[in-house]
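Structure, as structure tokens:
The values are calculated or read from the model by the stated rules, or taken from the named source; none is laboratory data. Computed from a predicted model, the values in this text were never measured in an experiment. Cβ atoms come from the backbone with ideal geometry, glycine included; neighbour counts cover every protein chain shown. Calculation scope for accessible area: heavy atoms of the full protein, side chains included, ligands and nucleic acids excluded. Shrake-Rupley method; radii C 1.70, N 1.55, O 1.52, S 1.80 Å.
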Amino acid sequence: MTATFASAPGGMPLPQGPSGAVLGAAGLRVCFVTPHAGHLLAVDDVSLSVPAGRMLGIVGESGSGKTTVARCLAGLLRPDSGEIVLSGEVLTGRRSPAQRRAVQLVFQDPYASLNPRLRVGTVLRELLAEHGIARGEAAEARCRQLMTLVGLGEAALGGYPSAFSGGQRQRIAIARALAVEPAVLVADEPVSSLDVSVQATILALFAELRDRLGLAVVMISHNLAAVRNVCDDVAVMYLGRIVEQGSREAVFGDPRHPYTRALLAAAPRLRPGSEPVAARLAGEPPSATSRPAGCAFHPRCPRAEARCAVEEPRLLPVTPAAAPAATGASAEVASDPVAHPALAAHPAHAAACHFRDERPREDRPREDRP
């Protein structure tokens, strides 16, 4: 379940993720009780999976439940129902030390997540000793390897967090997560607090770790451009539910749900008006404490009908004429013997709307093209 250090080109030992590791969730549901508003349904029947060596991006507006899903996957929050699966093993509310090490969370604010009173080397050495990974000179060597892996020099081990820039702090936070040899990294808005010029280097680092170490990565982000550049698969969330998911090419190149189209239409362009775009969304998302009946998106949907106010849609596979019914990540999970059976039945590219259009992109009305 955990990674091991092996020799890599150039002589630098690197942690190698297990090739069979799969992180997934089936039917996650999380409900919070608030003092004044009552029950708040933050996550409702969310299922997803990410094989080793792939990166899943979860996108959606603020309040859609992305961070709650991330905290459940990392074990910081116990879902009210549903299952979280790692390499075919269902993770319970009380995870073993090995299970906690296997899934590590990279927080949004690298400075707030680092102890300002401890040097970087002290943080890493304490982690290695606490988990029984290395002590003494072996720990020192491992710390140097981690700094090299995230693009920092050995001198960084002697510094305090306040001595580093935002991008360097995030690299240190990533090194801390890698120190316990995880199989999965869950990154919650890892670049949102960084300068634009620094964001690209951190995103490139995540992509490199995925490719070189075989890690599974789940990235929560508002930045559609970042997700499009580095993620292999995408899940779109709205008011606690996944409304569309599939490969990066399918979701960005041929979106089927009106909400996905609206998100892509809101992305800035170099030449505004140069391409036909879908109608912009009006209003704010409904409150999670008083969810609309039927489809939760229908109060803002430009194509809503009377049936949308009473019928709650479900995820359905999209099956273009020239493509198989299951493609991308779902096909890998379905063929992986260590994957949980509940994950294999979940479609990779799906739309939760009866308006999904099966016609080829070029045959649709121009206002429906991304």
Quick check on my filter: what residues within the stretch 142-164 are free of Cβ contacts under 8 Å to residues at least 12 places away in the same chain and assigned to a helix (DSSP H, G or I)? 154, 155, 163
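Looking at 160, 111, which is the one that is open to solvent by 40 Å² or more (accessible area, probe 1.4 Å), at pLDDT 95 or above and aromatic (Phe, Trp, Tyr)?
Details: 111 fails: at pLDDT 95 or above.
Result: 160 is the single residue among 160, 111 that is open to solvent by 40 Å² or more (accessible area, probe 1.4 Å), at pLDDT 95 or above and aromatic (Phe, Trp, Tyr).
Return yes when residue 238 is on the phi < 0 side of the Ramachandran plot, among the hydroxyl-bearing types (Ser, Thr, Tyr) and touching a helix residue (DSSP H, G or I) at 6+ places or on another chain (Cβ under 7 Å) and no when it is not. I'd like the intermediate steps shown before the answer.
Values: on the phi < 0 side of the Ramachandran plot: yes; among the hydroxyl-bearing types (Ser, Thr, Tyr): yes; touching a helix residue (DSSP H, G or I) at 6+ places or on another chain (Cβ under 7 Å): yes.
Considered against the rule, which asks whether it is on the phi < 0 side of the Ramachandran plot, among the hydroxyl-bearing types (Ser, Thr, Tyr) and touching a helix residue (DSSP H, G or I) at 6+ places or on another chain (Cβ under 7 Å), residue 238 comes out as yes.
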Single residue of the stretch 91-103 satisfying the filter (of a type outside the set (Gly, Ala, Ser) and either open to solvent by 50 Å² or more (accessible area, probe 1.4 Å) or free of Cβ contacts under 8 Å to residues at least 12 places away in the same chain (or both)) that is nearest to residue 189 (Cα to Cα): 100
(1) touching a strand residue (DSSP E or B) at 6+ places or on another chain (Cβ under 9 Å); (2) under 30 Å from residue 228 (Cβ atoms): which one isn't true of residue 145, the others all being true? (2)
Just to be sure I understand, how many residues within the stretch 293-308 are assigned to a loop (DSSP other than H, G, I, E, B), of a type outside the set (D, E, K, R) and open to solvent by less than 30 Å² (accessible area, probe 1.4 Å)? 5
In the stretch 109-136, which residues are over 14 Å from residue 168 (Cα atoms), in contact (Cβ under 8 Å) with a residue 12 or more places away in the chain and of a type in the set (A, V, I, L, M)? 118, 123, 124, 127, 128, 133
Here are the criteria: (1) surrounded by 19 or more Cβ atoms within 10 Å (Cβ to Cβ); (2) in contact with a helix residue (DSSP H, G or I) (Cβ under 7 Å, 6 or more places away or on another chain). Tell me which single one residue 177 does not satisfy. (2)
Does residue 106 count as open to solvent by less than 40 Å² (accessible area, probe 1.4 Å), within 23 Å of residue 203 (Cβ to Cβ) and touching a residue at least 40 places away in the same chain (Cβ under 8 Å)? yes
Please work out which one of (1) under 26 Å from residue 232 (Cα atoms); (2) open to solvent by 10 Å² or more (accessible area, probe 1.4 Å) is the condition residue 182 fails and give its number. (2)
